[in-house]
Amino acid sequence: MGKTTLARRMAGAIGAGLLLEQPEDNPFLERFYRAPAQYALQTQLFFLFQRVKQLKELRQGDLFAPVRIADFMLEKDPLFARLTLDEDELYLYEQVFRQLSPEVPRPDLVIYLQAPIDVLVRRIRRRGILFERNMERGYLEELADAYTRFFLGYHEAPLLMVNAENSNFLDNEEHFSLLMEQVQGIRSGRHYFNPDF
């Protein structure tokens, strides 16, 4: 189970609105997985424009709207850019990022799902999205390391780090209920959830 599926399940459980990535709309993503160096900048810029548009629409919406659950954070967008872009492309991307980035509301809680690379590879294969199968293990390892470094230094909002190696938050009601108990009890600080399933 990935972040989007979990976001949908949580939103359904508490009646929250959703703010989701839309990778299927990115015309460069499949090409990126086939030829990363050639399509990294286009892929990254498309996602940046997409996310900024969603966040601007959120800001212009009703401030008193119900809780929203998102499956992305704009602040971590540059992680992918640093892994995939060459020096000149990264400079260009960072200029665009600084110019476009809207002020975003501070999250009430950020959830970081962690799992070993072998588990991630199995889950990617099980998802059955053909072009994702071209993802190299080395790229996944670099991405996992970048995420870990990012969240170790993240202090802008309460953070729940979840060991998701053996969890099934979609099909197992006990797993999901335990996670929701953790989520509902957090108001500040950094927390770790290492369920013993």
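The values are calculated or read from the model by the stated rules, or taken from the named source; none is laboratory data. From a predicted model like this one, the values you see are computed outputs, not experimental measurements. Reconstructed Cβ throughout: ideal geometry from the backbone, glycine too, with neighbour counts over all protein chains shown.
Residues that are touching a helix residue (DSSP H, G or I) at 6+ places or on another chain (Cβ under 7 Å) and of a type in the set (Ser, Thr, Tyr) were ranked within the stretch 1-45; the one that is surrounded by the most Cβ atoms within 10 Å (Cβ to Cβ) is Thr43. Leu140 falls short on exactly one of the conditions (1) modelled with pLDDT of 95 or more; (2) more than 20 Å from Phe193 (Cα to Cα); (3) among the aliphatic types (A, V, I, L, M), and that condition is (1).
Go over the candidates Pro116, Pro78 one by one and state the one that is touching a Phe, Trp or Tyr at 6+ places or on another chain (Cβ under 9 Å) and closer than 25 Å to Ala164 by Cα. Every option except Pro78 fails the conditions.
Being in contact with a strand residue (DSSP E or B) (Cβ under 9 Å, 6 or more places away or on another chain) and either farther than 16 Å from Arg149 by Cα or in contact (Cβ under 8 Å) with a residue 24 or more places away in the chain (or both) is the requirement here; does Arg126 meet it?
On the way: in contact with a strand residue (DSSP E or B) (Cβ under 9 Å, 6 or more places away or on another chain): no; either farther than 16 Å from Arg149 by Cα or in contact (Cβ under 8 Å) with a residue 24 or more places away in the chain (or both): yes.
When the stated conditions are applied, Arg126 does not pass them.
For the stretch 54-127, please list each of the helices (runs of 4 or more DSSP H) lying entirely inside it that holds at least 1 residues being among the polar types (S, T, N, Q) and more than 22 Å from Pro36 (Cβ to Cβ). Per the criteria, 87-100. Just give me the residues in the stretch 88-110 being more than 15 Å from Gln50 (Cα to Cα) and hydrophobic (A, V, I, L, M, F, W, C), in sequence order. Scanning the stretch 88-110 gives Leu90, Leu92, Leu109, Val110.
Does Ala40 satisfy the criteria of being touching a residue at least 24 places away in the same chain (Cβ under 8 Å), of a type in the set (A, V, I, L, M), within 16 Å of Phe150 (Cβ to Cβ) and in a helix (DSSP H, G or I)? Spell out the reasoning first.
Numbers: touching a residue at least 24 places away in the same chain (Cβ under 8 Å): yes; of a type in the set (A, V, I, L, M): yes; within 16 Å of Phe150 (Cβ to Cβ): no; in a helix (DSSP H, G or I): yes.
Taking the combined requirement at face value, the residue does not satisfy it.
Quick check, is Ile129 out of contact with any helix residue (DSSP H, G or I) (no Cβ under 8 Å at 6 or more places or on another chain) and within 28 Å of Ala81 (Cβ to Cβ)? Yes; evaluated as a whole, the condition is true for this residue.
Test Ser101 against the stated conditions and say whether it is buried (at least 17 other Cβ atoms within 10 Å of the Cβ), at pLDDT below 90 and among the polar types (S, T, N, Q).
For Ser101, the condition - buried (at least 17 other Cβ atoms within 10 Å of the Cβ), at pLDDT below 90 and among the polar types (S, T, N, Q) - is not met.
Figure legend. Inter-residue proximity from the stretch 1-27: first residues more than 14 Å from Gln54 (Cβ to Cβ), second residues at pLDDT below 90 and polar (S, T, N, Q), beta-carbon distance below 8 Å, spacing 6+ or different chains. Indicated pairs: Met1/Ser167; Met1/Asn168. Among the residues of the stretch 128-140, those that are in a helix (DSSP H, G or I) and exposed (fewer than 12 other Cβ atoms within 10 Å of the Cβ) comprise Leu130, Arg137, Gly138. Filtering the stretch 142-176 to residues that are closer than 22 Å to Arg123 by Cα, more than 15 Å from the chain's Cα centre (by Cα) and either part of a helix (DSSP H, G or I) or polar (S, T, N, Q) (or both) leaves Glu142, Asn163, Asn166, Ser167, Asn168, Asn172, Glu173, Glu174, His175, Phe176.
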